[in-house]
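Student: Shown below is the structure under consideration.
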């Protein structure tokens, strides 16, 4: 497989099986970054319906879309150089350059939408981003995101220092209490790329 090199490096690391520190089944090991992406994609496959029209919000270089091999997935990212690579990797899928604060799609255009480590960088705009994802989604939202409140002292320190996502679960529960959504699943993942930033799989059913 030909390697594409660019500043952020995700595709380079995935396609060349470079090594990095990861947590596999609760133990820190030196594993390929490919393990992480494949693991996440297997989780997404279990949640996405066969004929669903899907949105990858904050798709980056489109690595997940390439692994899923699903032409019904559209993606957007705020960085145009990452979208350019996503288009090269996935010529049959649709991509746009856009912010999660203003998603350039119609109301309820997608059956399902998901993020993977996107909300973690959206602490100041998390509610606006959530509202936009709910607006463009008919049925299900899937989040693979780190949860500050569930972290240990070292993980919380790291997340605060990076100004990562905080209060997301509280926000989701407020929306659930308002009858807008139902939280169907919340589970800590056993495999993740950074021991200081462990993600959870959160599956949300849209009610209104």
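Student: Show the residue pairs that are 6+ apart or on different chains and have beta-carbon atoms under 6 Å apart, the first residue being within region 185-203 and at pLDDT 85 or above, the second being part of a loop (DSSP other than H, G, I, E, B) and surrounded by fewer than 15 Cβ atoms within 10 Å (Cβ to Cβ).
Tutor: Final answer for the pair search is 190/25.
Student: Within region 73-82, count every residue that is assigned to a helix (DSSP H, G or I) and either at pLDDT 95 or above or exposed (fewer than 15 other Cβ atoms within 10 Å of the Cβ) (or both).
Tutor: The qualifying residues number 2.
Student: Being closer than 17 Å to residue 183 by Cβ and assigned to a strand (DSSP E or B) is the filter here, so list the residues in region 109-145 that pass it.
Tutor: 112, 113, 114, 115, 137, 139, 140, 141, 142, 143, 144, 145
Student: Which one of 168, 95, 143, 110 is buried (at least 21 other Cβ atoms within 10 Å of the Cβ), over 21 Å from residue 70 (Cβ atoms) and modelled with pLDDT of 95 or more?
Tutor: 168
Student: Condition first: at pLDDT 95 or above and assigned to a strand (DSSP E or B). Can you find one or more residues in region 146-153 that meet it?
Tutor: Checked region 146-153: no residue is at pLDDT 95 or above and assigned to a strand (DSSP E or B).
Student: Within region 154-165, which residues are exposed (fewer than 12 other Cβ atoms within 10 Å of the Cβ) and not in a helix (DSSP H, G or I)?
Tutor: 163
Student: Just name the residue that is surrounded by the fewest Cβ atoms within 10 Å (Cβ to Cβ) out of those in region 189-208 that are over 13 Å from the mean Cα position of the chain (by Cα) and not in a loop (DSSP other than H, G, I, E, B).
Tutor: Across region 189-208, the extreme among qualifying residues is 205.
The values are calculated or read from the model by the stated rules, or taken from the named source; none is laboratory data. Predicted, not measured: the structure shown is a model, and the values here were computed from it. Don't worry about glycine lacking a Cβ; one is built from the backbone with ideal geometry, like all the others, and counts go over all protein chains shown.
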